[in-house]
Every structure is written in C-alpha cells, then in structure tokens.
1. Taking M178, is it under 22 Å from E96 (Cα atoms) and modelled with pLDDT under 90?
2. On the given criteria, is G61 of a type outside the set (A, V, I, L, M) and surrounded by 23 or more Cβ atoms within 10 Å (Cβ to Cβ)?
3. Every residue in region 55-93 that is charged (D, E, K, R) and closer than 13 Å to T160 by Cα, please.
4. Go through region 15-30 and give me each residue that's aromatic (F, W, Y) and surrounded by 20 or more Cβ atoms within 10 Å (Cβ to Cβ).
5. Among the residues of region 76-100, which ones are surrounded by 17 or more Cβ atoms within 10 Å (Cβ to Cβ), free of Cβ contacts under 8 Å to residues at least 60 places away in the same chain, under 16 Å from H14 (Cβ atoms) and of a type in the set (A, V, I, L, M)?
6. Of these, R110, R121, R127, which one is basic (K, R), modelled with pLDDT under 90 and over 14 Å from the mean Cα position of the chain (by Cα)?
7. Step by step: first the residues of region 191-232, then only those that are closer than 30 Å to V113 by Cα and of a type in the set (A, V, I, L, M), then the one that is surrounded by the fewest Cβ atoms within 10 Å (Cβ to Cβ). Which residue is that?
8. If we scan region 149-164, do we find a residue that is open to solvent by 40 Å² or more (accessible area, probe 1.4 Å), touching a Gly at 6+ places or on another chain (Cβ under 9 Å) and not in a helix (DSSP H, G or I)?
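The values are calculated or read from the model by the stated rules, or taken from the named source; none is laboratory data. This structure is a prediction, so every number in the text was calculated from the model and none was measured. Every residue, glycine among them, receives a Cβ derived from its backbone with ideal geometry; neighbour counts consider all protein chains shown. Side chains are part of the model used for accessible areas, which takes the heavy atoms of the whole protein and leaves out ligands, DNA and RNA. Shrake-Rupley method; radii C 1.70, N 1.55, O 1.52, S 1.80 Å.
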Amino acid sequence: MKMSDRTVLVVDDHADIRSLVSDYLKASNFSPVCAADGREALSVMERTQVDLVILDLNMPGCDGFEVCRQIRRDSAVPILVLSARTEDLDKILMLELGADDYLTKPFNPRELVARVQATFRRMEWDRSDSKEEERLEFGPLVLSSEKRQAWVNEASLPLTPIEFSLLCCLARNSGQNMTRQQLLDKVWGQDFFGDERTVDAHIRSIRQKLRQAEETLRPIQSVWGVGYRFEG
C-alpha cells in the first residue's frame, strides 16, 4: 500500500496543532483526517478506515486515555500518542493501554512524521515475514505467524500488533537472553526513536494478558541487568 493510501487520524483539541500535523502528513503523502476531541475521534473511527491514530491526551470530555481504551476494545490500529504530559507514569500507562509510541510536546513535526513512517515500515516487515506459516507451541500457548494470532487453551489472546511481534520475537529465541535494545531493533526497527522503557511497558501488558488467560502461564522471565528471556 502506498503512503498516499494511508489514512492518519489526528486527534487534538488545538486547531493549530491539527493543522500543523496535517500539513506535514500531506507533504509526506499521507491522507490526514482530524478530530477536535475524543468523541469526534471515536465517531470518525466508526465511519472511516483509519490506518494510524495520532492521539492527544489532555482533551475535554473524553480524554486520550479513554479514547485509547475504546479503540483497543475492537481495533489493533497503531496509536501514536502526542502529548504535553511528560511523566513516565503517563507514558507507561498509555503503552500498557495499547499505544504503540509516545512523543511529547513541544515536538519536531519531522520527527513525528518519521515515527509514523517507521510504524508503517514495521507493519510491512511484519506482513512480509508472515507469508509462510510458522506455528509456535508452548503448552497452552500457540502462536501463528501467518494469522498473526495467539491462543491460550484454544481461546484467542487479545494482543495488539506490537505485542504479538514482541511475544513472537521472544518465543522464536526461546531460552536466549535478549537485551531491550535487541528487542527494539528486531521488533520496532533500528530507526525507532523511543527508549528502552517502551519494551518494559509492553512486556508488562503481555504478562498481564497471559496471566488473565492462564494464571500459571509465565513464560517471559526478567534477566537482571540484561533484559528478558522466553522459557517455553
């Protein structure tokens, strides 16, 4: 799919930011649509095929946290948070809610567009890697690379695309210690702009979903001073 065919939803209650982001997206051959608040964003999602969401947090009424929760109930569309909130807790919470990336304001619009492009490149790499079926089985946990789906005890595990890619990467390297930087390079790509805490937030989310599906299922081990190891 060409970049011009990619629809990016820009959600921000400041018209000047919506206009700035839209202009830069158009210059990079994306097709932006805009929403001034959370309710409008959810309405756009219902009637428009959106390929990525750029989401502000501090909005009146339905804020970005609630928008992310509602989107993740039935959609795996990539979500890039663009917010003036710089606290680590806010970043971690949004990543655990299912956001794929987090950029703080004030921001460089060129960096924002680069992150959008990197997200779409990762999605293309994921699809190209999944053309041949790879089925990984670890007791009650089953992963299918072709379907990009995970199951626990034959019940679907609700992972976001980035969570699935991260879990697959660890599972393919079962028994091997992997650093956070290695995981960033393999899953997000070497041109990813985020920091290593992004990995930790997504690992916490995956672990929580695995425990909810099967309390005894804890295949991802922390390796002190290194990173993580999958033990199937």
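1. Numbers: under 22 Å from E96 (Cα atoms): yes; modelled with pLDDT under 90: no.
So M178 does not fit the description; no.
2. It is false that G61 is of a type outside the set (A, V, I, L, M) and surrounded by 23 or more Cβ atoms within 10 Å (Cβ to Cβ).
3. Of everything in region 55-93, those that are charged (D, E, K, R) and closer than 13 Å to T160 by Cα turn out to be R69, R72, R73, D74.
4. Within region 15-30, just F30 meets the criteria.
5. V81
6. R127
7. Applying the filter and picking the extreme gives A201.
8. For region 149-164, residues open to solvent by 40 Å² or more (accessible area, probe 1.4 Å), touching a Gly at 6+ places or on another chain (Cβ under 9 Å) and not in a helix (DSSP H, G or I): absent.
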